[in-house]
Amino acid sequence: MKAEEIFRFGDFRVDALARTLRREEDIVTLSRRAFDVLLYLVQNPGKVVSRDELLKNVWPDAFVDENSLAQSISVLRRALEEKPGDHSYIVTLPGRGYQFVKAVQIDTPESPAIVPDAVTAGHNPSGVIVHQQTIRTSIVTEENARSGTAALPQAEAARVPKLWKVAVPVLLAALLTAGWFYYRSHQSKHLTEKDTVVLADFANSTGDPIFDDTLKTALSISLRQSPFLNVLPDGEVTKTLRLMTRPAGTKLTPEVAHELCQRAGSKAYIAGAIGSLGSEYVLQLKAVNCVSGNVLAEEQMTATSKEKVLDAMGDAASKLRGKLGESLASVKKFDVPLVEATTSSLEALKAFSLGNKVMDEKGAAASLPYYQHAIELDPNFAIGYWSLGLGYARLGEPERTSEYITKAFELRDHASEGEKLAITANYYQNVTRELDKAALVNEEWIDTYPRQSAGAYGNLGLAYAEQGQYEKAAEMMRQGKRLVPDTSNWNENLVNYMLALQRFDEARQIGNDALARHGDDIIVRTADYALAFIASDSAAMAEQEKWFAGKPYYETYGLALASDTEAYSGHVKKARELTRRAVDLALRADDKEGGAVDLATAAQREAAYGNATDARKDATEALKLAPTSQGAEAESALAFAMAGDTARAESLAQDLDKRFRLGTQMQSLWLPPVKALLALDRRDPASALNALQAPSPVELGNIPFALNISCLYPTYVRGDAYLAAGQDSTAAAEFQKIVDHNGIVWNCWTGAMARLGLARANALRSRTAQGAEADVARARALAAYKDFLTLWKDADPDIPILREAKAEYSKLQ
């Protein structure tokens, strides 16, 4: 062994040269004999050292009895903070000796200090190298002080100045050397808040597959409780594996994790292992500096049974957090026991882990059965419900989203602090629809976990989008993307926000980049269809329809999009056929809510085109499919109001108002146009305009359960109300707003009807104005009618609204 070696184990560091024992940054005081015993034990880790061997090698020239040795061992146990019966470091083997059982890492400095040959070096407990005579003098001084004698012997005192001439340079060199050793060991031991760590896959030598994936998920959840530690996101892991020319599902052995850690610019990787000893299980966690290869920290725990493995994992992870630099106050504050933060069922956690894996590899639809199985195994698994709800949210099923997120919210005390914030934010955002409350919780989430709150930025972006504030929404997505760059969600949402802002080239570029980086995605594909529609590129639309076709869960979306496009051009019969196919496929995929929303949307366009009977029929069927769905109920209420079924519309409006009294969109986007249409049915345009209130950005907001971003229903109904009130110019302004926002409206029926609304507003103006102003209005009306009739040039001839438009156009000519 080299005299300058440093031995690390657990929180401790033994410096052989400085003769110090440190825990973290603090020196642990030890007697000379106790230090000598410890040094010999750490130089021989795992070896059974007999009492005779210790006495012979540690104190070869001194007589030390076995009682003194036992006393030194006892001192060491206290110094290492071993609790009674907890022999984490030193095990006593009766009749055989002692064994140091903690794993030991040995560091050897590249440039050890050089002690001048003219000086015989000794060591004092402070770790400072001094002249041998100085030590003796110091001892004399201390003894004199204890005995009350302050003065040095005269001969010794006379020699002190000469000694200091030699000792001072040596002392300075020693201090620098000790500082270098301390810095070298300390700077590599602790992480900073900016560092990221990579989680390796667990080495499972138990032969029990229940631990595969499960323990890594448990460790990830436990470590992510920390506002200090930053675990490298899965998206970044996948991206880095691609750079390493390895497939996305590559097992992260310590060797692979080491390389990945270096390539990703992370500070360390954390490797875990589990083994069995009879009925017991031994868990080990080790954090390794991925540049130097030094072990930064490690923990080992024993679980007395399989049922206690998660408890042991949580305890080990908590201790590891402290060793890696997190303050004890932070560890204590953010340390929900793992079985409370997740589940006590290893089987449930296994199903949850598989759900996460499948979500990353195959998407939301494929992950749902695994999450469903997880909550069946443990009905109190809060984050299982939450993940299931988020999966349904990605598939556009708000009712199921609401059902599972509500359950997660009720169980939120069975979650870590970060997940509790996430669940609460999603509850307000997706269930009660209180976007202001959701924003406050998301902001708290960001404040608490500033480097781990990508989800909060995503939620804030969605909340801003639902309020029609797309610039802010885009900025939130960019903030989230800075935290987790290589995740598809940012680009998915940014595509739609760029569409809403009429920045079509940017939307196309972002969409192409998303597909290139992350593969096919339904949101990007839907946005690409919208871009093709806006560009009147039928070939590009057909290409996107091909992508939807044949995909069991997604084909219904393609059919619904195609149905809206056909209806937009007046091909009502074709649109009905496509809607029916879309609904049938949705029901086959057990998506009743999706089918109900498709029918309710079809009911609206039937009503807008003058087919009131078909509208009532479709809306009634929609409510039968999903009677409690917010989306189906809101869309149907509007359809009934447009079709003149005031009783059904009023009943639905009252129910929605009661259920979503505080819902931002419900109170600003859905109920006002329903109430306005009921007033128009009573020939009361003033009340209609009063119900609609002043225009607000929420009217432009993204509707979560709509295929397109928004149909601008309040804007369209306001235009009709202004027409009924004889206010032609303000009516025209509302209809023009819809035409100008085709990046929001897409192929919704309001986009087609807004063109007819412009024609009617200008025709009204031509009748009320005089002279040249009337002529200008008439010319504009004729152009608008022509625009609409060109759009519907090959429309079904029996559509009532088409017949009306043709009659109005002929009369104006």
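Restricting attention to segment 85-101 and to residues that are under 19 Å from Lys319 (Cα atoms) and at pLDDT below 85, the residue that is surrounded by the most Cβ atoms within 10 Å (Cβ to Cβ) turns out to be Ser88. For segment 60-73, the count of residues that are open to solvent by 10 Å² or more (accessible area, probe 1.4 Å), among the hydroxyl-bearing types (Ser, Thr, Tyr) and modelled with pLDDT under 75 is nonzero.
For segment 384-420, the set of residues classified as open to solvent by 10 Å² or more (accessible area, probe 1.4 Å) and of a type in the set (A, V, I, L, M) consists of Leu390, Ala393, Leu411, listed by residue number.
Selection of segment 223-250 for residues being over 19 Å from Ala287 (Cβ atoms), assigned to a loop (DSSP other than H, G, I, E, B) and of a type in the set (S, T, N, Q) yields Thr245, Thr250. Whether any residue in segment 691-712 is surrounded by fewer than 24 Cβ atoms within 10 Å (Cβ to Cβ), touching a residue at least 24 places away in the same chain (Cβ under 8 Å) and under 20 Å from Ala763 (Cβ atoms) is what I want to check. No, that holds for no residue. Is it the case that Gly610 is open to solvent by 20 Å² or more (accessible area, probe 1.4 Å), of a type outside the set (Lys, Arg) and closer than 23 Å to Pro800 by Cα? Taking the combined requirement at face value, the residue satisfies it. Inclusion of Tyr470 among residues that are modelled with pLDDT of 90 or more, among the hydroxyl-bearing types (Ser, Thr, Tyr), in contact with a Leu (Cβ under 9 Å, 6 or more places away or on another chain) and open to solvent by less than 30 Å² (accessible area, probe 1.4 Å) is warranted. Selection of segment 276-306 for residues being open to solvent by 60 Å² or more (accessible area, probe 1.4 Å), closer than 26 Å to His258 by Cβ and part of a strand (DSSP E or B) yields Lys286, Gln300.
Only one entry in Gly355, Gly363, Gly325, Gly314 is small (Gly, Ala, Ser), at pLDDT 90 or above and out of contact with any helix residue (DSSP H, G or I) (no Cβ under 6 Å at 6 or more places or on another chain), namely Gly325. As a summary of the residue check, Phe660 satisfies the conditions (1) more than 30 Å from Gly558 (Cβ to Cβ); (2) at pLDDT 95 or above; (3) buried (at least 20 other Cβ atoms within 10 Å of the Cβ); (4) hydrophobic (A, V, I, L, M, F, W, C) except for the one numbered (2).
Going through (1) more than 34 Å from the chain's Cα centre (by Cα); (2) outside any loop (DSSP other than H, G, I, E, B) one by one, Gly644 falls short only on (2).
State which residue is surrounded by the most Cβ atoms within 10 Å (Cβ to Cβ) when the search covers only segment 240-252 and only residues that are within 26 Å of Leu324 (Cα to Cα) and touching an Asp or Glu at 6+ places or on another chain (Cβ under 8 Å).
So the residue we want is Leu252.
For segment 543-601, which positions are buried (at least 24 other Cβ atoms within 10 Å of the Cβ), of a type in the set (D, E, K, R) and under 30 Å from Leu789 (Cβ atoms)? Passing the criteria: Asp564, Asp598. Considering (1) free of Cβ contacts under 8 Å to residues at least 12 places away in the same chain; (2) open to solvent by less than 20 Å² (accessible area, probe 1.4 Å), the lone condition that Phe640 does not fulfil carries the number (1).
Would you check if Val42 is closer than 27 Å to Arg321 by Cα, in a strand (DSSP E or B) and not small (Gly, Ala, Ser)? Criteria not met by Val42. Does Ala34 satisfy the condition of being outside any strand (DSSP E or B), open to solvent by 30 Å² or more (accessible area, probe 1.4 Å) and at pLDDT below 85? Answer is no for this residue. The set of residues in segment 507-524 being buried (at least 16 other Cβ atoms within 10 Å of the Cβ), free of Cβ contacts under 8 Å to residues at least 24 places away in the same chain and charged (D, E, K, R) consists of Arg508 alone. Would you confirm whether or not segment 756-778 contains a residue that is of a type in the set (Lys, Arg) and touching a residue at least 40 places away in the same chain (Cβ under 8 Å)? Yes - at least one qualifying residue is present in segment 756-778.
Of all the listed residues (Thr424, Thr432), the sole one being at pLDDT 90 or above, of a type in the set (Ser, Thr, Tyr), within 20 Å of Glu699 (Cα to Cα) and surrounded by fewer than 24 Cβ atoms within 10 Å (Cβ to Cβ) is Thr432. Would you check which residues across segment 584-600 are over 33 Å from the mean Cα position of the chain (by Cα), within 18 Å of Glu399 (Cβ to Cβ) and of a type outside the set (Gly, Ala, Ser) and list them? If the condition is that a residue be over 33 Å from the mean Cα position of the chain (by Cα), within 18 Å of Glu399 (Cβ to Cβ) and of a type outside the set (Gly, Ala, Ser), then Leu599 is the only one that fits. Met476 meets all of the listed conditions (1) modelled with pLDDT under 95; (2) surrounded by fewer than 24 Cβ atoms within 10 Å (Cβ to Cβ) but one, namely (2).
Quick check on segment 600-608. Is at least one of its residues in contact with a Lys or Arg (Cβ under 8 Å, 6 or more places away or on another chain) and among the acidic types (Asp, Glu)? Within segment 600-608, none of the residues are in contact with a Lys or Arg (Cβ under 8 Å, 6 or more places away or on another chain) and among the acidic types (Asp, Glu). Pairing each residue of segment 364-379 that is outside any helix (DSSP H, G or I) with any residue that is not charged (D, E, K, R), provided the two are 6+ apart or on different chains, yields C-beta distances under 8 Å for Asp378/Thr343; Asp378/Ser344; Asp378/Ser345; Asp378/Ala348; Asp378/Gly384. Taken as a whole, the structure places Glu4 among residues that are modelled with pLDDT under 75 and surrounded by 14 or more Cβ atoms within 10 Å (Cβ to Cβ).
Residue count for segment 757-769 under the criterion of being among the aliphatic types (A, V, I, L, M), out of contact with any Leu (no Cβ under 7 Å at 6 or more places or on another chain) and part of a helix (DSSP H, G or I): the result is 2.
So which residues in segment 770-802 are open to solvent by less than 10 Å² (accessible area, probe 1.4 Å) and part of a loop (DSSP other than H, G, I, E, B), if there are any at all? Result: Trp792, Ile799. Are there any pairs, at least 6 apart or on different chains, whose C-beta atoms fall under 7 Å, with the first in segment 254-275 and hydroxyl-bearing (Ser, Thr, Tyr) and the second part of a strand (DSSP E or B), and if so, which? Pairs that qualify, where the first residue is hydroxyl-bearing (Ser, Thr, Tyr) and the partner is part of a strand (DSSP E or B), are Ser266/Val197; Ser266/Val198; Tyr269/Val197; Tyr269/Val198; Tyr269/Val288.
Evaluation of Asp335 against the conditions (1) of a type in the set (D, E, K, R); (2) within 15 Å of Gln225 (Cα to Cα); (3) open to solvent by 20 Å² or more (accessible area, probe 1.4 Å); (4) part of a helix (DSSP H, G or I) shows that the sole unmet condition is (4).
For segment 663-678, the set of residues classified as aliphatic (A, V, I, L, M), closer than 24 Å to Asp614 by Cβ and either touching a residue at least 40 places away in the same chain (Cβ under 8 Å) or open to solvent by less than 10 Å² (accessible area, probe 1.4 Å) (or both) consists of Val674, Ala676, Leu677, listed by residue number.
The values are calculated or read from the model by the stated rules, or taken from the named source; none is laboratory data. Please read all numbers here as calculations on a predicted model, not as lab measurements. All Cβ positions, glycine included, derive from the backbone under ideal geometry; neighbour counts span all protein chains shown. Side chains are part of the model used for accessible areas, which takes the heavy atoms of the whole protein and leaves out ligands, DNA and RNA. Shrake-Rupley method; radii C 1.70, N 1.55, O 1.52, S 1.80 Å.
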